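Read the structure below first, then the notes.
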Amino acid sequence: MQERNAWVDYAKAIGIILVVYGHVARGVFNAGLPMDEGTYLLVDSIIYSFHMPLFFFLSGLFFYDSLMKRGKAGLIVNKVDTVVYPFIVWSLLQGLIEVALSNYTNGEVTLGQVFSLLWSPRAQFWFLYALFLVFVVCSFVYAKADRRYFLPILLAFGALYVFKQDLAMGDFGRFIFGNAVFFALGIWFNEIRTFFLARYVPLTLLFGALFVAGQYLFHITFGLNWEVGGLPVLALATASIFFMIALSMWLGRIRMQWLLFIGASSMTIYLMHILAGSGVRVILSKFMGIDSIPVHLLLGTLIGLVAPLVAQVIIKRYDLYFLLSPPKWFSATSLRTRRAVAP
């Protein structure tokens, strides 16, 4: 019998491993190392067709229960602490390090770009930026919505996703409606979660076959790329997400502590993996003269996963929690509480 919600951590682990590998591969390719372009572009498009939608889906799974528990304002305030705070801290930390080391990296980063984070998020931090916006919008949309409206809301977000390129949405609109459909899919999935948990083996096989067939048709037969968006990408991402979820439920039958740990630590890894992975590439290519693509991909991905986990242990041991979450006296939650009890 699998532990309650262990499959969620397995899904997060699969997702974050793909995130780290994808960014390492992009760094290696953009550095001009001898990498087969066709293979790189194919694998990159397969990964990007679903790995970030998977994280929006997983973020939506527990949203409604949290909304009912905390209320609209309480949930948004909580996300200021858990999403906005690390977004700001690590956007600045990574950005300033990239500015200092710009002579060794793939591109020049300016201080202006770093300090434009509130309207132009950089690098991997776009996800946290978009996630907070989606949380805010969905907090208003679902605040008074009964569960019977979950599917119509999902379909509405799906329509906005499909037609977002035809609508004058602006950057904020693209951040929200390019991702809210997958968040809403996670919210609605709770309505069929018991069905998946009872049939995860045949569903893994079914959606695994759809994943392979869909990726083949999309990339090989029709020669498309994940950036085309629209209904084909929405369908491909949905089938891929369901495959990852069913597979994770199947994995939940066995206990792989290391994979569970990676999944539970996915936020820390997401915040720090670019610095770790890029550092490996710079050391290997600039200082050691190693251009082997397998070595770069393997070591870059491994260190991109392990280094943040080591940093997390150090943060815990030396009480450096301010690097990941705001001090209690500074948190938005505490400020709201103090204001509520003030005479």
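Extension gain for the segment ARG253 to VAL89, taken as residue separation times 0.36 nm less the Cα-Cα distance, is 55.3 nm to one decimal. Is the stretch 46-93 best put as rounded, prolate or oblate by its Cα gyration tensor, with a ≥ b ≥ c the root eigenvalues, rounded for a/c under 1.5, and otherwise prolate when a/b is larger than b/c, oblate when not? Oblate, since a/c reaches 1.5 and b/c is not below a/b. Annotation for PHE163 and VAL43: the two label points, set 7 Å from Cα along the Cα-Cβ direction, are 4.0 nm apart. Packing-based ranking of 283-289, 243-249 yields 243-249, 283-289, ordered from highest to lowest mean Cβ neighbour count within 10 Å.
Shown for ARG26, ARG281: other C-beta atoms within 10 Å of each C-beta, ranked fewest to most, produce the order ARG26, ARG281.
Contour minus end-to-end for THR337 and SER120, with contour as 0.36 nm per residue of separation and end-to-end as the Cα-Cα distance? It would help to have the intermediate numbers written out before the result.
Details: separation 217, 0.36 × 217 = 78.12 nm, distance 3.09 nm.
That pair, THR337 and SER120, stretches by 75.0 nm at full extension.
With respect to the cross-link table entries LYS79/LYS144; LYS72/LYS316; LYS286/LYS316; LYS72/LYS328, which display a Cα-Cα separation exceeding 29 Å?
Numbers: LYS79/LYS144 19 Å; LYS72/LYS316 31 Å; LYS286/LYS316 33 Å; LYS72/LYS328 21 Å.
Where the Cα-Cα span goes over 29 Å, the pairs concerned are LYS72/LYS316; LYS286/LYS316.
Looking at the stretch 295-328, the chymotrypsin sites (Phe, Trp or Tyr not before Pro) that sit in a DSSP loop and have at most 10 other Cβ atoms within 10 Å of their own Cβ are TYR318.
Simple point charges give the picture: +1 on the Cβ of Lys and Arg, -1 on the Cβ of Asp and Glu, and for the chain a dipole about the Cα centre of about 1360 debye.
Quick check on the stretch 215-342: take the gyration tensor over C-alpha atoms, sort the square-rooted eigenvalues as a ≥ b ≥ c, and tell me if it's rounded (a/c under 1.5), prolate or oblate. Please list the in-between numbers first.
Numbers: a/c = 1.93, a/b = 1.28, b/c = 1.51.
Oblate, since a/c reaches 1.5 and b/c is not below a/b.
Sum -39500 (n - 2.57) across every DSSP H segment of at least 4 residues in the chain, then divide by the residue count to get the 222 nm mean residue ellipticity, nearest 500. Mean residue ellipticity, 222 nm, calculated: -22500 deg cm²/dmol.
The GNM of the chain, with springs linking C-alpha atoms under 10 angstrom apart, assigns the highest mean-square fluctuation among PHE211, PHE140, PHE175 to PHE140. Counted residue by residue at 0.36 nm each, then reduced by the alpha carbon distance between them, the extension gain from ALA143 to ALA209 reaches 20.0 nm.
Rounded to the nearest 20 debye, what is the charge dipole size of the stretch 58-176 about its Cα centre when +1 sits on each Lys and Arg Cβ and -1 on each Asp and Glu Cβ?
Numbers: 10 positive and 7 negative charges, 114 e Å.
Here the size comes out at about 540 debye.
The structure shown yields Rg and Dmax of the Cα atoms in Å, and of the options [x] 19.6, 63; [y] 43.5, 179; [z] 20.5, 68 that calculated value carries the label [z]. For the chain, set up a Gaussian network in which alpha carbons nearer than 10 Å are linked by springs, and say which option among ALA25, ALA159, ALA145 fluctuates the most. Of ALA25, ALA159, ALA145, the Gaussian network model singles out ALA145 as fluctuating most.
Taking label points 7 Å from Cα along the Cα-to-Cβ direction, ALA156 and VAL99 give a separation of 4.2 nm. Spacing of the modelled spin labels on LEU320 and LEU231, each 7 Å from Cα toward Cβ, amounts to 5.1 nm. Normalising by residue count, the stretch 1-160 has a Cα convex hull of 162 Å³ per residue. Is the shape of the stretch 89-227 best called rounded, prolate or oblate, per the rule: a/c under 1.5 gives rounded, else a/b larger than b/c gives prolate, else oblate, with a ≥ b ≥ c the square roots of the Cα gyration tensor eigenvalues? Judged from the Cα gyration tensor, the stretch 89-227 comes out prolate (a/c at least 1.5, a/b above b/c).
Here, each number is a calculation from the coordinates, and none is a lab measurement. Computed from a predicted model, the values in this text were never measured in an experiment. Counting neighbours? That spans all protein chains shown, and the Cβs are built from the backbone with ideal geometry, glycine included.
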